[in-house]
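Notes to accompany the following structure.
Laboratory data are not the source of any read-out in this text; all were calculated from the coordinates shown. Every value quoted in this text rests on a predicted model; they were computed, and no experiment measured them. As a convention, Cβ positions derive from the backbone with ideal geometry for all residues, glycine included, and neighbour counts pool all protein chains shown.
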């Protein structure tokens with residue numbers, strides 16, 4: 001099982017990988033798509049990290065506490081409940097997933113015009129190579 005498979009499975013709880021991918025898709029969609037999510041994270045003080053994920057260099061990490069400050073707590077709580085994790089554990093898992101997720105969604109070093117997360121689960125699985 002790959003890195004993103006493992007995170008998707010953890011975030012999916014009893015529903016497994018599908019539930020985790022669905023949670024990640026909802027997180028991105030409710031943040032205004034990939035463009036909105038990257039803007040929200042950037043305006044929360046994570047601009048340098050986000051730029052490293054979008055760009056073609058090495059991805060800079062973020063912490064669970066940084067994710068907690070940037071993402072709607074109700075979303076994190078809902079994800080935690082679904083996964084059977086604490087909000088802190090969920091934030092840590094999301095912090096692990098975000099760099100790879102955004103990196104895979106921006107292979108050309110920029111946020112694409114057409115949001116890859118709006119194309120459905122099969123598209124997300126192909127994009128993330130899951």
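Things worth noting here:
- Based on DSSP H segments of at least four residues, each scored -39500 (n - 2.57), the chain has a per-residue ellipticity at 222 nm of -20000 deg cm²/dmol.
- For the chain, the Cα-based Rg and Dmax, in that order, read 13.2, 36 Å.
- Length gained when the stretch residue 119-residue 48 is fully extended (0.36 nm per residue, less Cα-Cα span): 22.8 nm
- Normalised contact order of the chain, rounded percent, pairs of Cα under 8 Å and 6 or more residues apart: 28 percent
- Label-to-label distance for residue 81 and residue 129 is 3.6 nm, based on points extended 7 Å past Cα in the beta-carbon direction.
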